[in-house]
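Could you have a look at this structure, given as structure tokens, before my questions?
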Amino acid sequence: MDQRDSRRRAISKEPGGLPVSERGGALALTFQAIGEELGAHPTAIDGSARLAGGLPYRPPHQRGRGRAPGSGGSGCLRGQVRIGGRAAAGRGSFRMGSATKTFTAVTILHLAGEKRIKLDEPIGTYLPGLLPRQDDITVRMILQHTSGLPNYTDSRPIPTAGEPYLKYRWTAFTDEQLVAAALKRPLDFEPGTRFAYSNTGYLVLGMLVKAVTGNTWQSEVTKRIIKPLGLRHTSAPRYSTRLPGPHAHGYIKTTKGYLDITRLNPSIAGAAGAMITTTADLTTFITAVQSGRLLKPAQLAEMTKTVPISDQHGAYGLGVRVITTTCHRKIIGHTGGIPGYLTAMFTTTDGKTQLALSANETTPPDMAAFQKLIDSAFCP
């Protein structure tokens, strides 16, 4: 595998008024330490939005080569970082995984604001015959992962991670196929009684958008979010396997070593995780969500009504996670994962600090270290 390939971690963060030279080094060291704990692979840093801070991870055989003042190793820079002699694109795109869910949720909330969808209406009203217990499962439950729908990404017939996924890497799935695969199992619990993350539900929400508008979720997200916000490097592909323009490469670990998984058919993720973006665009988007630019006050209030997440810290609203950091700052946003990539986008609820991050996934992903990485961005 060519060590010059530009695999990346990208961070966009507002420094609270301090110059880069005063805040960047400390932030870089924090992210370096946690990045090594994550086991992420060679990365480049994005100089987008208000501040880009961080530094390339060096694999064991490269450590000790190259220094930056005050760091004992690599340093924190704005713009591009050169890795192995080749500059990685500072504004490269990547697959955002489940951060897509926030885009999908905003679209559903738009339709609720237009009185075309009722959040507490049974899903059977809009998609009759699709789901069991269709008169008991509401749109809100699906948005909030309290529907009890089994998660298709936990379904053995269609593996969605690791080396077993390679068999389906180029397969063009329909939402109906994936939902049907999930529903071979019974509901995980009585609808509305607890939280359990379900990608299946967000495929159903993509189908709901089509049922209500007559248009695909991709076209509605583009019309309602991407174009109005000017997110020029964000897209919602259906079957296209490519990442447009300069982009980060994603890798998965196989029995033969690391495999470039950058190109894949995103239909396996759909409205639950298929979108492509950059850190600058994610920062713009999550800021627009938090500020009310994208949603009316009533819909934003609905989005931020949360339920506890039983197996993780924090809570979940309608397509957003709400977390209280170790320094007692409340942040709102989402994380994401798709083969080759881990993503995070968060903003403080006062809108003063934002984080957008993309890193190569580890196998298996060390989510505790990833959460620590997010926390450190808001608690330097």
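For segment 289-299, name all the residues that are part of a helix (DSSP H, G or I) and touching a residue at least 60 places away in the same chain (Cβ under 8 Å). Quick ask: steps written out before the conclusion?
The first filter runs over segment 289-299 and keeps only residues part of a helix (DSSP H, G or I), leaving 289-291, 297-299.
Matches in segment 289-299: 289, 290, 291, 298, 299.
Within segment 139-163, work out how many residues are of a type in the set (Lys, Arg) and more than 14 Å from residue 305 (Cα to Cα). If you could, list the steps in order and put the result at the bottom.
Initially, segment 139-163 is screened for residues of a type in the set (Lys, Arg), giving 140, 156.
From what is left, the residues that are more than 14 Å from residue 305 (Cα to Cα) are 156.
The total comes to 1.
Answer yes or no as to whether residue 342 is part of a strand (DSSP E or B), of a type in the set (A, V, I, L, M) and either touching a helix residue (DSSP H, G or I) at 6+ places or on another chain (Cβ under 8 Å) or farther than 25 Å from residue 118 by Cα (or both).
Considered against the rule, which asks whether it is part of a strand (DSSP E or B), of a type in the set (A, V, I, L, M) and either touching a helix residue (DSSP H, G or I) at 6+ places or on another chain (Cβ under 8 Å) or farther than 25 Å from residue 118 by Cα (or both), residue 342 comes out as yes.
Here's a follow-up. Among the numbered conditions (1) in contact with a strand residue (DSSP E or B) (Cβ under 6 Å, 6 or more places away or on another chain); (2) among the polar types (S, T, N, Q); (3) modelled with pLDDT under 95; (4) farther than 30 Å from residue 257 by Cβ, tell me where residue 326 comes up short.
Unmet for residue 326, out of (1) in contact with a strand residue (DSSP E or B) (Cβ under 6 Å, 6 or more places away or on another chain); (2) among the polar types (S, T, N, Q); (3) modelled with pLDDT under 95; (4) farther than 30 Å from residue 257 by Cβ: (1).
Determine whether segment 191-206 contains at least one residue that is among the charged types (D, E, K, R) and closer than 17 Å to residue 107 by Cβ.
Looking through segment 191-206, none of the residues is among the charged types (D, E, K, R) and closer than 17 Å to residue 107 by Cβ.
Considering segment 237-266 alone, what residues qualify as being in contact (Cβ under 8 Å) with a residue 60 or more places away in the chain and under 22 Å from residue 320 (Cα atoms)?
Residue satisfying the conditions is 266 alone.
Now for a separate question. Looking at 143, 166, which one is buried (at least 18 other Cβ atoms within 10 Å of the Cβ) and either over 21 Å from the mean Cα position of the chain (by Cα) or touching a residue at least 12 places away in the same chain (Cβ under 8 Å) (or both)?
Details: 166 fails: buried (at least 18 other Cβ atoms within 10 Å of the Cβ).
Step by step, each of 143, 166 is checked, and only 143 is buried (at least 18 other Cβ atoms within 10 Å of the Cβ) and either over 21 Å from the mean Cα position of the chain (by Cα) or touching a residue at least 12 places away in the same chain (Cβ under 8 Å) (or both).
Conditions first: (1) buried (at least 18 other Cβ atoms within 10 Å of the Cβ); (2) at pLDDT below 95; (3) in a loop (DSSP other than H, G, I, E, B). Residue 274 passes all but one, so which condition is the exception?
Here residue 274 meets the rest and fails (2).
Within segment 129-140, can you find the residues that are in contact (Cβ under 8 Å) with a residue 60 or more places away in the chain and outside any loop (DSSP other than H, G, I, E, B)?
Restricting attention to segment 129-140, the residues satisfying the condition of being in contact (Cβ under 8 Å) with a residue 60 or more places away in the chain are 130-131, 139-140.
Residues satisfying the conditions are 139, 140.
Also, quick follow-up: Is one or more of the residues making up segment 253-263 under 26 Å from residue 113 (Cβ atoms) and hydrophobic (A, V, I, L, M, F, W, C)?
Initially, segment 253-263 is screened for residues under 26 Å from residue 113 (Cβ atoms), giving none.
No, segment 253-263 contains no residue that is under 26 Å from residue 113 (Cβ atoms) and hydrophobic (A, V, I, L, M, F, W, C).
The values are calculated or read from the model by the stated rules, or taken from the named source; none is laboratory data. From a predicted model like this one, the values you see are computed outputs, not experimental measurements. Reconstructed Cβ throughout: ideal geometry from the backbone, glycine too, with neighbour counts over all protein chains shown.
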